[in-house]
Structure formats: C-alpha cells, structure tokens
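The values are calculated or read from the model by the stated rules, or taken from the named source; none is laboratory data. All values reported here derive from a predicted model rather than from experimental measurement. With ideal geometry, Cβ positions are generated from the backbone for all residues, glycine too; neighbour counts draw on all protein chains shown.
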Amino acid sequence: MAFCTKYMENLMQRVVANHPAEPEFHQAVKEVLLCMEPVAQKNPKFVDAGIFERIVEPERIIIFRVSWVDDTGKVQVNRGFRVQFNSAIGPYKGGLRFHPSVNLGVIKFLGFEQIFKNSLTGLPMGGGKGGSDFDPKGKSDNEIMRFCQSFMTELAKHIGQDTDVPAGDIGVGAREIGYMYGQYKRLRNEFTGVLTGKGLTYGGSLVRKEATGYGCCYFTAEMLKTRNDSFENKTVVISGSGNVAIYAAEKAMALGAKVVAMSDSNGYIHDPEGIDIDLMKQIKEVDRKRIYEYVKVRTAATYTEGCRGIWQIPCDIALPCATQNELHGEDAKVLIENGIKAVAEGANMPCTPEAVDLFLSHKILFGPGKAANAGGVATSGLEMSQNSMRYNWSFEEVDAKLQDIMKDIHASARRAATEYGDADNYVLGANIAGFLKVADAMYMQGVAY
C-alpha cells in the first residue's frame, strides 16, 4: 500500500530521517499514517495545527544505565529506556519489557502503538513504554531483584500515579513488578498506584493476568458475530505460551473452541486432541520450563524446533500472541489456503505488513493489536481506578467491565471504518478511532502542548 498524498508521504520521510535505523518504529508509524489521509482531508484543522507532526514525536525519551551485581559478585551493565510518548488524554501508560531484543526503536514502536490502544479503551490514559535489554531467563531471583531495584532507582525519578504508570510486558511479571514496586516505595516513601500488574495483596486487580488473552478472545468473538459466527467448534492455533497465549487459550476453550497448538521461543507443540491448559500452566507458570516438556506428558502431542512452522497447522482462528513480526506473508498465504476465518493479534504488531494486506484483501476478519490486545491495558486502567478508590472489585465485576470495554472497542473501530468507507477493515477503524480522541485533545490544549 502506498501513500496517496504528498503530505503524508513527506511526513513519513521525515520520521525515517529523524529516527534512523528503527524499522519497527517506522513500520508502526507508516501503518497509522496510511490510515490518516482521509482523516486529514476531512479535518484540515489537524494539519494546520501540526497534529500529525506532533503525534509521531515522543514528548520525552529517557535512556539510562542500569548497573547491578550478579551472584558471582561481578558488576553487570544494561540499558534502561522509558519513552513518554503522549499525555494528551491522561498520564503515560504502558508496560516495561525486559528482553535482549529491547532497543530504543522497539520501545518507540510500542509506545506509539500504546497511544491509540489506550485511547480506544475509553479510559484516561496516555501512551508510553519502557524496558531494558536485560534478560531474566536463567537469572536467580536475587539477581532479578538486584536488577529491578537498580532499574527502579533511576525510573522512579520520572514516574508517578498522575504522571506515568508503567506495567509489565515480556519478561516482566508479578515477581519483577513486586521488586520494582518495593524499591519505588522505599525511595518515595509513598504507597500509590504507580505500577499496575501488582500482587493482589498490595493493590493488584483480579483478571489482570488473564486480561490480554481474555480480551483478545472477546474482541475476536465480536468480529465473528458480524458474520453470524462464533468460537463454537472452531480449531484455534495460538503462538506464544506466556500470560497472553495461555489465557487466550483458556478463554477460547471456554467459548467452545479447540486449541491445538502453542509455542515458545524454541519451538511449538501440536496436540490434535486439544491443548491441556492445566498442564501448560504447570509447565510455564509454576515450573517455568520450556514448552517441549509438554510432550513428555501428552504422548499424542508432537514438538517441533523453531516457531514459524506453527502457522502451517490448519485452523479456523489464528491468535499470534508472541512478539512483533512473527507472522509473515508466506504464513498468511498458508493460513488463507487452509481456510482461516479470523486472525486477532494478541501481541504487539505480530503480523508483517504483507501478512496484514493479504488478510484484508482476502476479506479475512483481522483484529489489529491496538484493538484486539487492548484488554491488558484496559484492566491496568481498572487497577488504577481501584487504587485511587482504595477499593477492590470482584473477579466477575472486573471481567464484566473488560468484556464491555472490548465490545466498545470493536464497536468504535467498526463505526470509524464504516464512516471512512470500509466496514470490515479494523486496521483502518482502530487507527482512526484511536487517533481522533487524542487529536481532539491535542488540538484543544493548544500548540504549546
């Protein structure tokens, strides 16, 4: 897909020139700007006020050194990042990712996506993201604690419940959030809702762990309804085996589907009889082991080294829930040939542009990440609300609110897509619906903002 107007094309060229060697960020910006051309034509005031130029530039970028001591007494050094991208509609909100692949371009892409995702939830949250190239795998609890404490010692200077509220992401779960929250509390001498994804004993919310996976299925179910269809008796393939994938699998099964494949960074398992979700939770959440352990118990299942082959398995619904750009054009062609009905992104930008174009051109229901995986940050927003009230809702209450939010996101995206001429294009609809709320806020707050 190419730009139709010189204005958007020139803006994209400036982004590439100003942010060199950051392909993930370029990819995320281009996807949004390609959807913005009709918006710019319909709303010339946004062009005059420089909204498009401003929204692609982070408000603030923080890069810092993280020094910590490993169990052998050796000093280790990592880099920490926090990109505070846009606060037009609320405090910056977005996760922290600890993974060797983390760099500034990846964090910018995630923070940029977060602007629109948070806007779609309807909650007052701006967009931000952060993390480090630290790898928690193979580290002891004490090493992870020391790293988290060092990381938070610097990050604490830049965050707060009314300024910036980080959460977890890849490599950052309840353990890491706990260590960081303890250090923040020690440094600031205050007990506030500055982090989400906290433990239930100190301000966390029920459903937070399940929220992204559950929300992805709720959004997919809404897409299927537009074609008088559902999860019932469908075969589902899910990449990944972290919180998002596990709880997407759990919810898909609860909605009547059979999940037959999951993966981790080493390879994937295929269980034609249906994934044993309790066994998967034991392996990944309790034992913290690799996914190949699954076939030692379930002898009818097979394990294959490498992740890409998972999309060769025939299925009705595909939920890529691992990482960015994991599902390529060739994979999309195979899924289409095998009769795929719906694809929803549980991860951030897991489908390449070529794959997305193929799904859209073949009229496959496609839920982009900024809409389909917004359940996690939506429930983080609900955790922030509970912290402010010094109150807790029940599991059922939070889950009901999550379902309502995901239904509203679907309705908003479909409404915007219909208004701009392509009702089934959720990429177009999600980008436009998410943008308009932020753009209106930026416009009303003036150019100085």
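Among PRO353, PRO320, which is the only one that is touching a Ser or Thr at 6+ places or on another chain (Cβ under 9 Å) and touching a residue at least 12 places away in the same chain (Cβ under 8 Å)?
PRO320
Residue by residue, here is whether (1) basic (Lys, Arg); (2) more than 30 Å from GLY199 (Cα to Cα); (3) without any contact (Cβ under 8 Å) to a residue 60 or more places away in the chain; (4) in the same structural domain as LYS129 (by TED's automatic domain parsing) holds:
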{"position": "ASN373", "(1), (2), (3), (4)": "no, no, no, no"}
{"position": "PHE395", "(1), (2), (3), (4)": "no, no, no, no"}
{"position": "LYS401", "(1), (2), (3), (4)": "yes, no, yes, no"}
{"position": "TYR420", "(1), (2), (3), (4)": "no, yes, no, no"}
{"position": "ALA439", "(1), (2), (3), (4)": "no, yes, no, no"}
{"position": "GLY446", "(1), (2), (3), (4)": "no, yes, yes, no"}
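Within the stretch 314-348, how many residues are assigned to a helix (DSSP H, G or I) and among the charged types (D, E, K, R)?
Residues in the stretch 314-348 being assigned to a helix (DSSP H, G or I) and among the charged types (D, E, K, R): 4 in total.
Taking the stretch 190-207 as the search range and keeping residues that are crowded, with 24+ Cβ neighbours inside 10 Å and of a type outside the set (A, V, I, L, M), which one is farthest from the chain's Cα centre (by Cα)?
Restricting to residues being crowded, with 24+ Cβ neighbours inside 10 Å and of a type outside the set (A, V, I, L, M), the top hit is SER205.
Taking the criterion of being among the β-branched types (Val, Ile, Thr), surrounded by 20 or more Cβ atoms within 10 Å (Cβ to Cβ) and closer than 30 Å to VAL398 by Cα, would at least one residue in the stretch 351-360 satisfy it?
Scanning the stretch 351-360 turns up no residue that is among the β-branched types (Val, Ile, Thr), surrounded by 20 or more Cβ atoms within 10 Å (Cβ to Cβ) and closer than 30 Å to VAL398 by Cα.
So if I check each of ILE63, ILE107, which one is in a helix (DSSP H, G or I), within 24 Å of the chain's Cα centre (by Cα) and either among the β-branched types (Val, Ile, Thr) or closer than 30 Å to PHE219 by Cα (or both)?
None of the other options fit; the residue is ILE107.
Among the residues of the stretch 221-244, how many are of a type in the set (Ser, Thr, Tyr), out of contact with any helix residue (DSSP H, G or I) (no Cβ under 7 Å at 6 or more places or on another chain) and either buried (at least 22 other Cβ atoms within 10 Å of the Cβ) or not in a loop (DSSP other than H, G, I, E, B) (or both)?
1
Among the candidates ASN348, ASN338, which residue alone is farther than 18 Å from ALA221 by Cα and modelled with pLDDT of 95 or more?
Of the residues listed, the single one that is farther than 18 Å from ALA221 by Cα and modelled with pLDDT of 95 or more is ASN338.
Is it the case that SER265 is closer than 16 Å to GLY309 by Cα and crowded, with 21+ Cβ neighbours inside 10 Å?
No: the conditions fail for SER265.
Being among the small types (Gly, Ala, Ser) and in a helix (DSSP H, G or I) is the filter; apply it to the stretch 1-51 and report the residue that is nearest to the chain's Cα centre (by Cα).
ALA28
Filter the stretch 116-136 down to residues that are out of contact with any strand residue (DSSP E or B) (no Cβ under 6 Å at 6 or more places or on another chain) and of a type in the set (D, E, K, R), then give me how many there are.
2
Might you let me know whether the stretch 153-164 holds any residue that is part of a helix (DSSP H, G or I), modelled with pLDDT of 95 or more and not charged (D, E, K, R)?
yes
Among the candidates ILE409, ILE432, which residue alone is among the β-branched types (Val, Ile, Thr) and in the same structural domain as ASN43 (by TED's automatic domain parsing)?
That would be ILE432, the only listed residue that is among the β-branched types (Val, Ile, Thr) and in the same structural domain as ASN43 (by TED's automatic domain parsing).
Return the residues of the stretch 89-109 that are of a type outside the set (A, V, I, L, M) and surrounded by fewer than 19 Cβ atoms within 10 Å (Cβ to Cβ); say none if nothing qualifies.
Matches in the stretch 89-109: PRO100, SER101, ASN103, GLY105.
Answer yes or no as to whether LYS198 is on the phi < 0 side of the Ramachandran plot, outside the structural domain of GLY90 (by TED's automatic domain parsing) and charged (D, E, K, R).
Criteria met by LYS198.
More than 22 Å from the chain's Cα centre (by Cα) and within 26 Å of ASP422 (Cβ to Cβ), is that true of ASP316?
For ASP316, the condition - more than 22 Å from the chain's Cα centre (by Cα) and within 26 Å of ASP422 (Cβ to Cβ) - is met.
Scan the stretch 134-170 residue by residue and report those that are touching a Ser or Thr at 6+ places or on another chain (Cβ under 9 Å) and of a type in the set (S, T, N, Q).
SER150, GLN161, THR163
Under 8 Å between Cβ atoms, at least 6 apart or on separate chains: pull out the pairs that start in the stretch 68-91 with a residue that is in contact (Cβ under 8 Å) with a residue 60 or more places away in the chain and end on any residue that is polar (S, T, N, Q) and crowded, with 19+ Cβ neighbours inside 10 Å.
TRP68/ASN78; TRP68/SER150; ASN78/SER132; GLY80/SER132; ILE89/ASN118; ILE89/SER119
Just for the stretch 175-189: of the residues that are over 21 Å from PRO91 (Cα atoms) and of a type in the set (Lys, Arg), which one is surrounded by the most Cβ atoms within 10 Å (Cβ to Cβ)?
Looking at residues that are over 21 Å from PRO91 (Cα atoms) and of a type in the set (Lys, Arg), I get ARG175.
So if I check each of GLU337, GLU330, GLU326, GLU345, which one is over 25 Å from the mean Cα position of the chain (by Cα), in the same structural domain as ARG227 (by TED's automatic domain parsing) and of a type in the set (Asp, Glu)?
Answer to the selection: GLU337.
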